[in-house]
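Report on the following structure.
The values are calculated or read from the model by the stated rules, or taken from the named source; none is laboratory data. Computed from a predicted model, the values in this text were never measured in an experiment. Neighbour counts are summed over all protein chains in view; Cβ atoms, including those assigned to glycine, are modelled from backbone coordinates with ideal geometry.
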Amino acid sequence: MQITTKFYLGIDVSKHWFDLSLLTVINHQKQIMVTERFDNSEKGIKEMEQWLKKQNVSFNDNTLLVIENTGIYHRLIWEFCSTHKLPIHIGNAAHIKWSFGIARGKNDVIDSQRLCNYAHKHADELKATPELNPVFIELRDMMTSRSKLVSQSGSIRSHLKELKLSNNKATQKLIEQVHKPVLDGLKKSIALIEKQILNIIHKDDTIKTNYDLLITVPGIGHLTAIYILCCTNNFVDKISGKQLACYAGVVPFQDKSGSSIKGRNKVHKMANKELKKMLHLCALSAVKCYPEFKQYYERKKKEGKHVMSILNAIRNKIVLRAVAVVNNQKPYVENYKKAF
């Protein structure tokens, strides 16, 4: 009789350490779960590798590791799994948490054990996360840094504008002079980051190809195209337009139940707010510059539709077209003809 052995790993990641729980299943029989803590560092990763080998864990499809998306804290583990061909699923924290049902109490060890059981229970439906791409990590960090710098610049300008309403001219002039070097420095830093982002894109042919396709879509500009590529990991998973639209928070959902709850259709608050903000600007640009969207906007407005509802529909259209051009590897073709 052939013996089948499966390994399920759950890791709860924090800034300084991570807890790893291992469940071994031999011929469909669960063994005792074991848990170990390692430093979230290069040294800790090496110790984890030695521990896994000591536990006879196989680095192939017989093993599945599940962690929650922590932003940056799980990168070392992701890099390790990519290097050693260890299947890893980086899941949405809210989705995983809700799957536990009613759960009382928590700590790092318990969370890793819950993730381990989640890996075992949902192994058949979980997709392995693509290997870590250093180019996209660099792009994401650059885009995040740019967003923070832009936010800081906007905050300072808004502060100066508010002070102008109450300060006398001499005081206001002095304050503006104090802030001028800071604003000039932020402007130079933003320009430097944007230049580096373009350099990164031009170094990778696959990224450059999809980037060129995205900017052919009406309304989508340079920064939005890059951010979409970062969010989708360059579309390696071949996601659908509806999936990306849902992720961006531009898909309205029903809110009805029986005869008592009759809410209007509305978008869900769980979304990538940064992408949603970018798509909103794309929609405004499309309405202003492209006849198709302008006519659609005016027609829906005459029908009595709310302005934000119309703009959300345009955001949805832009997302669907963005995914279509990448998945089909063909640039967007303007088929719109003005009706006479």
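Details
- Any hit, region 92-108, residues being assigned by TED's automatic domain parsing to the domain that holds Thr70, among the polar types (S, T, N, Q), at pLDDT below 90 and touching a strand residue (DSSP E or B) at 6+ places or on another chain (Cβ under 8 Å): yes
- Look at (1) modelled with pLDDT of 90 or more; (2) assigned to a helix (DSSP H, G or I) and you find that Cys231 fails only one, number (1).
- Some residue of region 59-72 being over 23 Å from Asn133 (Cβ atoms), in contact with a helix residue (DSSP H, G or I) (Cβ under 6 Å, 6 or more places away or on another chain) and surrounded by 16 or more Cβ atoms within 10 Å (Cβ to Cβ): no
- The number of residues in region 268-297 being loosely packed, with under 12 Cβ neighbours inside 10 Å and either among the small types (Gly, Ala, Ser) or farther than 25 Å from Ala225 by Cβ (or both) comes to 1.
- Residue among Leu165, Leu126, Leu132 that is surrounded by 14 or more Cβ atoms within 10 Å (Cβ to Cβ), out of contact with any His (no Cβ under 6 Å at 6 or more places or on another chain) and either among the hydrophobic types (A, V, I, L, M, F, W, C) or part of a helix (DSSP H, G or I) (or both): Leu132
- Output for region 261-291, where each listed residue is touching a helix residue (DSSP H, G or I) at 6+ places or on another chain (Cβ under 8 Å) and of a type in the set (Val, Ile, Thr): Val267, Val287
- Criterion violated by Arg146 - all others in (1) at pLDDT 95 or above; (2) under 19 Å from the mean Cα position of the chain (by Cα); (3) of a type outside the set (Phe, Trp, Tyr) satisfied: (1)
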